[in-house]
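Only one structure is covered here, and it is reproduced in the block below.
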Amino acid sequence: MTLAEICRIVGGSFIMGGEQSREREVRMISIDSRQLVDVDTCLFFAIKGVRHDGHQYLKDVYKQGVRQFVVSSAEMDLSDLTGSGVIVVADSLKAMQELAAWVRKQYSYPVLGVTGSNGKTIVKEWLFEILQQDIRIVRNPKSYNSQVGVPLSVWNMSAAFDLAVFEAGISRPGEMERLAAVIAPDIGLITNIGDAHQENFETKEQKADEKLRLFETCSLIIYRKDQDLVHRRIREKYSGKNVGLFSWSLADKQAELYIDAAVKADKSVLSFWSEEAKGAVEIPFTDDAAIENACHCLAFIVATHRWENKLAERFARLQPVAMRLELKQGIHNCSLVNDYYNSDINSLEIALQFLLRQSVAGRLTKTLILSDIRQSGMESEKLVLEVLRLTSRYHIDRLICIGEELLKHKSFFGAGTTFYQNTDEFLLHFDPSQFKNEQILLKGAREFRFERIAALLQQKYHQTQLEVNLNSLIENLNRYKSLLKPGTKVMIMVKAFSYGSGNVEIARALEFQKADYLAVAVADEGIDLRQAGIGTPIIVMNPEEHSFEMMLEYGLEPNLYSMEVFQQFDQAARRMAVSGYPVHLKIESGMNRLGFSSEEELLTVSRQIALAGRLRIQSVFSHLAVSDDPLQDAFTRQQYARFRALSDLIIRSQPHPVLRHLLNSAGIERFPEFQMEMVRLGIGLYGVSQSSALKAETVARWLTVVSQVKEVQPGETVGYGRKGKVEKAKEIAVIPVGYADGYDRRLSNGVGKVWLNGRFFPVIGNVCMDMTMIDVTGAGVGAGDPVELMGDHVKLDDLAQWAGTISYEILTGISQRVKRVYIQE
């Protein structure tokens with residue numbers, strides 16, 4: 001679209017920009033100066049919100065390269081936006097919604113609108129996971145379901161899709177009417193009506209009626225009949241109208257879809273019957289919320305005539321949808337979980353669950369710093385009792401309450417609880433010596449600005465950090481899992497500090513995702529994980545004799561790759577008087593690294609293990625040398641044939657089943673027929689994939705800031721060896737990262753580049769031990785500006801190519817002195 005077309009659609013007028021500006025192409029819309037992409041075709045809407053006014057950021061957005069704007073104030077000074085096209089409207093948020101509504105009208109494929117108090121994002125994401133192999137689906141990114149999130153999502157509609165799934169969330173009366181005009185769904189699905197955001201509604205009935213406004217354009221509405229309020233309101237509002245009503249139930253066989261949920265040890269079986277279809281699916285969850293969300297998905301599939309037996313295996317592979325939390329290292333051996341974006345009672349429980357999963361040896365005290373909860377809709381006393389129930393259930397040892405409402409109910413809490421009227425009072429009395437060896441959860445409403453508390457509790461490092469997105473890690477894991485047959489196990493490589501991403505935090509996230517095995521290089525790595533409370537089976541790929549007794553003590557399983565190592569470990573097992581201890585045999589199939597290559601030795605070892613009973617062959621494996629190279633596929637198939645022949649000999653000699661695994665990350669993508677009982681996922685988990693179709697997400701972002709900007713005159717040089725020669729005056733930015741941090745010295749002298757203020761800038765001179773200089777001439781860069789060393793713009797593969805190495809070396813080379821920050825949705 002052109003800017004002129006958009007101006008006509010939103011009923012605006014140009015207050016700046018000539019004919020050339022008005023004919024510029026628009027492909028992206030944005031409201032956040034921190035999240036700009038494709039600045040040449042981006043249209044920035046300056047939104048006035050309760051706490052922020054986008055008009056204050058116009059200069060920053062312009063500085064990043066954007067030249068197209070929608071504003072809602074004709075009186076402001078726009079002299080800094082030279083050469084831009086600027087549209088003025090009465091309300092920029094409404095204009096963005098009107099633009100998205102126009103986009104929605106251009107497409108005739110079905111649109112599903114999802115609303116409810118809980119489960120919207122999960123239902124949306126699970127439907128995507130179940131159906132994406134058969135149809136192309138556009139949906140909200142993450143949980144973009146607000147007044148701004150929905151239009152940003154609907155803007156992404158195009159003729160490339162077959163179905164749209166948009167969730168809509170509201171917090172007060174009147175909001176859904178605006179979202180309904182944007183989404184205009186053909187099909188509606190309501191998850192439930194709960195207590196979230198109840199404070200702005202007089203009754204739950206009122207909230208239900210407001211949410212049902214989304215369905216005014218629907219020809220089909222899907223809901224749970226067991227929820228009396230939802231069932232009653234839908235029947236009263238839509239019975240007798242030209243709308244199909246499709247209900248599902250876990251109790252009423254008269255519903256359009258009846259589902260019988262049977263909970264087993266670690267899964268649930270959902271057997272279902274309707275006029276449309278009948279069958280059964282398994283889901284890897286047992287909690288009520290997951291069962292309900294899966295039933296919503298099943299109801300949509302059945303109601304829209306999409307059920308096929310092949311979908312059952314996709315239900316079995318559903319994965320949890322994570323939340324956004326930050327896990328950081330705190331002062332005095334504390335760990336810090338930051339969750340100060342919302343404050344409803346449901347999100348408090350989610351955060352407490354996350355804190356419980358982060359159990360760290362030596363940090364015995366669990367501390368909750370909690371603000372008043374604004375989005376509950378509960379009476380004050382009932383809310384306080386619920387807080388007390390949750391803090392007891394999740395074993396909170398120390399509670400710090402901030403806010404007037406909590407202070408009013410001080411008598412409900414135990415003697416050890418500390419109260420502050422507001423955040424300023426807490427900061428006034430803050431004593432860092434009072435926080436030691438603790439796991440601390442910061443849970444507060446935005447207005448309390450708990451980021452100020454986080455700044456005091458967070459351990460101070462230099463300003464270079466590696467931001468690890470656990471959501472992307474989990475998403476990559478799920479994408480690889482989607483390539484596997486049901487029942488295929490996954491071993492995940494966490495050696496070398498989890499490819500530089502961090503050991504305990506990554507292992508803990510993978511354990512929560514029910515990884516079948518973790519693999520480390522040496523025993524010390526495995527011992528660290530055990531001491532941190534990781535209980536997942538761990539294999540040590542390079543075991544050493546001096547560590548065998550410690551491995552046995554900590555339950556670490558060795559890779560036995562030679563007769564000598566087998567005999568040494570067998571003797572250690574005899575000394576420790578163990579029985580049936582799991583071990584793994586490595587076969588040499590063509591890599592010519594570690595592994596048994598003699599058929600005779602393999603048979604001897606396997607027979608001795610079976611006869612003595614001290615050890616138990618848990619798995620047999622080998623490693624592919626060129627699984628990422630299509631030109632050498634014949635060699636890969638040769639490796640598979642040799643491995644298959646030798647592993648069969650071992651399996652036949654054992655009285656119990658033995659796992660086999662050959663595939664690495666590239667192998668999982670390219671040779672699905674070689675899966676066998678288990679696969680090993682390594683670099684792919686961290687964002688390096690062979691297939692463009694898989695689209696592995698970037699997991700780690702390496703960030704720093706500008707320390708100083710200085711002018712260098714013609715004839716001067718920059719850095720050691722005087723390699724950075726300056727022929728004309730330049731501006732040089734110094735950033736606090738060097739080869740001691742892992743920023744490769746081969747990136748010196750223009751080879752490497754960084755992303756800064758929306759552009760790439762080259763390295764000038766030699767990379768130093770702790771500092772690197774960047775040529776930022778004419779870019780208006782200042783001290784404190786953020787710099788991306790690796791991430792969304794400077795790709796890991798780019799760094800590796802520039803340095804003449806491989807992605808593995810770049811990742812594993814990032815020094816542990818670089819602070820790791822963990823992000824989770």
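Picking from residues in region 635-663 that are open to solvent by less than 30 Å² (accessible area, probe 1.4 Å) and among the polar types (S, T, N, Q), the one that is nearest to ARG607 (Cα to Cα) is GLN654. In region 434-490, how many are surrounded by 15 or more Cβ atoms within 10 Å (Cβ to Cβ) and among the small types (Gly, Ala, Ser)? Going through region 434-490 one residue at a time, the tally reaches 4. Exactly one residue out of VAL821, VAL734, VAL781 is outside any helix (DSSP H, G or I) and either in contact with a Ser or Thr (Cβ under 7 Å, 6 or more places away or on another chain) or basic (Lys, Arg) (or both), and it is VAL734. Scanning region 245-300 for residues that are assigned to a strand (DSSP E or B) and touching a Lys or Arg at 6+ places or on another chain (Cβ under 7 Å) turns up SER247, TRP248, SER249, PHE272, GLU282, ILE283. Taken over region 124-164, the criterion of being among the charged types (D, E, K, R) and open to solvent by less than 50 Å² (accessible area, probe 1.4 Å) is satisfied by LYS124, GLU125. Of all positions in region 392-400, at least one carries a residue that is in contact (Cβ under 8 Å) with a residue 24 or more places away in the chain, of a type outside the set (D, E, K, R) and surrounded by fewer than 14 Cβ atoms within 10 Å (Cβ to Cβ).
Would you pick out the residues in region 499-513 that are farther than 18 Å from GLY555 by Cβ and touching a residue at least 60 places away in the same chain (Cβ under 8 Å)?
Across region 499-513, the qualifying residues are TYR499, GLY500, SER501, GLY502, GLU505, ALA509, PHE512, GLN513.
I'm trying to understand the selection: among the residues of region 39-65, which are more than 19 Å from GLY782 (Cβ to Cβ) and either modelled with pLDDT of 85 or more or of a type in the set (Asp, Glu) (or both)?
Here is the first cut: in region 39-65, the ones more than 19 Å from GLY782 (Cβ to Cβ) are 39-55.
Those that are more than 19 Å from GLY782 (Cβ to Cβ) and either modelled with pLDDT of 85 or more or of a type in the set (Asp, Glu) (or both): ASP40, THR41, CYS42, LEU43, PHE44, PHE45, ALA46, ILE47, LYS48, ASP53, GLY54, HIS55.
Of the numbered criteria (1) over 24 Å from GLY813 (Cβ atoms); (2) touching a strand residue (DSSP E or B) at 6+ places or on another chain (Cβ under 9 Å); (3) open to solvent by 50 Å² or more (accessible area, probe 1.4 Å), the one ASN542 fails is (1). Please enumerate the residues belonging to region 491-501 that are under 19 Å from the mean Cα position of the chain (by Cα), modelled with pLDDT under 90 and open to solvent by 10 Å² or more (accessible area, probe 1.4 Å). Scanning region 491-501 gives a single hit, TYR499. Does region 105-118 hold any residues that are open to solvent by 20 Å² or more (accessible area, probe 1.4 Å) and of a type outside the set (S, T, N, Q), and which are they? Listed by number, the residues that qualify are LYS105, TYR107, TYR109, PRO110. ARG306 fulfils the conditions (1) closer than 23 Å to GLN458 by Cα; (2) at pLDDT 90 or above; (3) of a type in the set (Lys, Arg) except for a single criterion, (1).
For residues in region 137-164 being in a loop (DSSP other than H, G, I, E, B) and more than 22 Å from the chain's Cα centre (by Cα), which is modelled with the lowest pLDDT?
Checked region 137-164; the qualifying residue modelled with the lowest pLDDT is ALA160.
Just need a number here: residues in region 436-452 that are outside any loop (DSSP other than H, G, I, E, B) and among the basic types (Lys, Arg). It would help to see each step written out before you state the result.
Residues of region 436-452 that are outside any loop (DSSP other than H, G, I, E, B), as a first pass: 438-443, 446-448, 451-452.
Subsequent filtering for residues that are among the basic types (Lys, Arg) retains 443, 446, 452.
Number of matching residues: 3.
Name the single residue, out of those in region 747-796 being free of Cβ contacts under 8 Å to residues at least 40 places away in the same chain and on the phi > 0 side of the Ramachandran plot, that is least open to solvent (accessible area, probe 1.4 Å). Among them, the one singled out is GLY750.
Listed conditions (1) open to solvent by 10 Å² or more (accessible area, probe 1.4 Å); (2) in contact (Cβ under 8 Å) with a residue 24 or more places away in the chain; (3) farther than 28 Å from GLU788 by Cα are all met by GLY85, apart from (1).
Return a yes/no flag: does region 526-539 have any residue that is closer than 17 Å to ILE617 by Cα and exposed (fewer than 15 other Cβ atoms within 10 Å of the Cβ). Outline the logic, then answer.
At the first step, the residues of region 526-539 found to be closer than 17 Å to ILE617 by Cα are 537-539.
Within this subset, residues satisfying the condition of being exposed (fewer than 15 other Cβ atoms within 10 Å of the Cβ) are none.
There is no residue in region 526-539 that is closer than 17 Å to ILE617 by Cα and exposed (fewer than 15 other Cβ atoms within 10 Å of the Cβ).
Whether any residue in region 675-693 is more than 36 Å from the chain's Cα centre (by Cα) and open to solvent by less than 10 Å² (accessible area, probe 1.4 Å) is what I want to check. The answer is no; no qualifying residue exists.
Checking the structure you have, find out if any residue of region 281-290 is in contact with a Gly (Cβ under 8 Å, 6 or more places away or on another chain), open to solvent by 50 Å² or more (accessible area, probe 1.4 Å) and modelled with pLDDT under 95. Among the residues of region 281-290, at least one is in contact with a Gly (Cβ under 8 Å, 6 or more places away or on another chain), open to solvent by 50 Å² or more (accessible area, probe 1.4 Å) and modelled with pLDDT under 95, which makes the answer yes.
Within region 394-417, the set of residues being among the polar types (S, T, N, Q) and either in a strand (DSSP E or B) or under 20 Å from GLU349 (Cα atoms) (or both) comprises THR417 only. Which of the residues spanning region 115-132 are assigned to a loop (DSSP other than H, G, I, E, B), over 10 Å from HIS296 (Cβ atoms) and more than 21 Å from the chain's Cα centre (by Cα)? Correct list: SER117 only. Here GLY416 meets each of (1) within 15 Å of GLY444 (Cβ to Cβ); (2) over 29 Å from the mean Cα position of the chain (by Cα) with one exception, condition (1).
When you scan region 696-731, how many residues do you find that are assigned to a strand (DSSP E or B), over 19 Å from ASP792 (Cα atoms) and of a type in the set (A, V, I, L, M)?
Taking region 696-731 and keeping what is assigned to a strand (DSSP E or B), we get 700-705, 708-712, 717-718, 724-725, 730-731.
With over 19 Å from ASP792 (Cα atoms) added as a condition, the list becomes 708-712, 717-718, 724-725, 730-731.
Keeping just the survivors that are of a type in the set (A, V, I, L, M) gives 709, 712, 718.
The qualifying residues number 3.
The values are calculated or read from the model by the stated rules, or taken from the named source; none is laboratory data. Please read all numbers here as calculations on a predicted model, not as lab measurements. Because the Cβ atoms are built from the backbone with ideal geometry, glycine has one as well, and the counts that use them run over all protein chains shown. The area values use the complete protein model at the heavy-atom level, side chains included, leaving out ligands, DNA and RNA. Shrake-Rupley method; radii C 1.70, N 1.55, O 1.52, S 1.80 Å.
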